[in-house]
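Quick notes on the structure that follows.
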Amino acid sequence: MKYMLLVCGDDTADASGMAPVEPWVEELSAQKSVRLHGHRLRRPAEAVTVRVREGEVLRTDGPFAETKEYVAGYDILECDSMEEAIEAAAKHPVATIGAMEVRPFGEDEDAEGEIRRLDDELTLATRERDIDRMAACYASDVEVFHPMSGLEQRGIDAFRKAQEWWFSTVTGPVSRDVLEFRVRVDESVAFSHALVRMRATLATGEPLDSTVRVTTGYRAAGDRWQIVHQHLSVPFDAGVEEARS
């Protein structure tokens, strides 16, 4: 389960004897894979508080509440239990002079499942040669590199043109079989690595049967995921890939 660790500093505390944070980050990130990511925040004096009242945007320089304690940074932890998250928080150097707030993430979505369903949708759209349905899987600012064209397409319009060109080189249905699919999700960003077998008939009448490696980057857009980056490459050792089939 994922936990948000809010690192709360204290303006009145003496931080001169505090241990450095870097060893804690190294231990939990590289050695234990508990800390997924995090970052420091600038001081509260540089904050801007925004409120909307009766349609009017109200802006106030500074934090929403004046207090000696403030959020100095955050870390995202992945732990088996709250107890494990508390143990990790207690080892943070700021815990000796400030406070650490540990809060579990809400369990209201299956991000990996959504991404897998998105790839299934892409497979169905490809088989039907439905470019509109394919484009719906991608963000408007998507960047795609395809070995068939040898060029990088930037933006959804360029992607559409590239797909139109590619479909013009083949006849009949296009088969897209996912041989391997691995996903790594980290909040609003995710990556997948896949082996995909593409089969079709070229316009010349020759068969097309190629296995490509696909690396895909995703971004959460509201309540749905979209593809923002995709790189397709043909494995250099064709013999190995033929043996797979």
ask   = Within segment 1-31, which residues are over 26 Å from GLU187 (Cβ atoms) and without any contact (Cβ under 8 Å) to a residue 24 or more places away in the chain?
value = SER16, GLY17
message = Scan segment 69-78 and tell me whether some residue there is surrounded by 11 or more Cβ atoms within 10 Å (Cβ to Cβ), part of a loop (DSSP other than H, G, I, E, B) and either touching a residue at least 40 places away in the same chain (Cβ under 8 Å) or in contact with a strand residue (DSSP E or B) (Cβ under 7 Å, 6 or more places away or on another chain) (or both).
response = no
key: Filter result for ARG43 (closer than 24 Å to TYR3 by Cα, more than 23 Å from the chain's Cα centre (by Cα) and surrounded by 10 or more Cβ atoms within 10 Å (Cβ to Cβ))   = yes
ask   = If only one of LEU202, LEU179 is out of contact with any helix residue (DSSP H, G or I) (no Cβ under 9 Å at 6 or more places or on another chain), of a type outside the set (Ser, Thr, Tyr), surrounded by fewer than 15 Cβ atoms within 10 Å (Cβ to Cβ) and more than 18 Å from TYR138 (Cα to Cα), which one is it?
value = LEU202
query = If we scan segment 165-187, do we find a residue that is in the same structural domain as GLU121 (by TED's automatic domain parsing), within 30 Å of MET1 (Cβ to Cβ) and of a type in the set (Gly, Ala, Ser)?
reply = no
query = If you go through segment 79-97, how many residues are more than 17 Å from LEU36 (Cβ to Cβ) and either part of a loop (DSSP other than H, G, I, E, B) or of a type in the set (S, T, N, Q) (or both)?
reply = 2
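The values are calculated or read from the model by the stated rules, or taken from the named source; none is laboratory data. What you are looking at is a predicted structure, and each value in this text was computed from that prediction instead of being measured. Quick reminder, even Gly has a Cβ in these numbers, built from the backbone with ideal geometry, and neighbours come from all protein chains shown.
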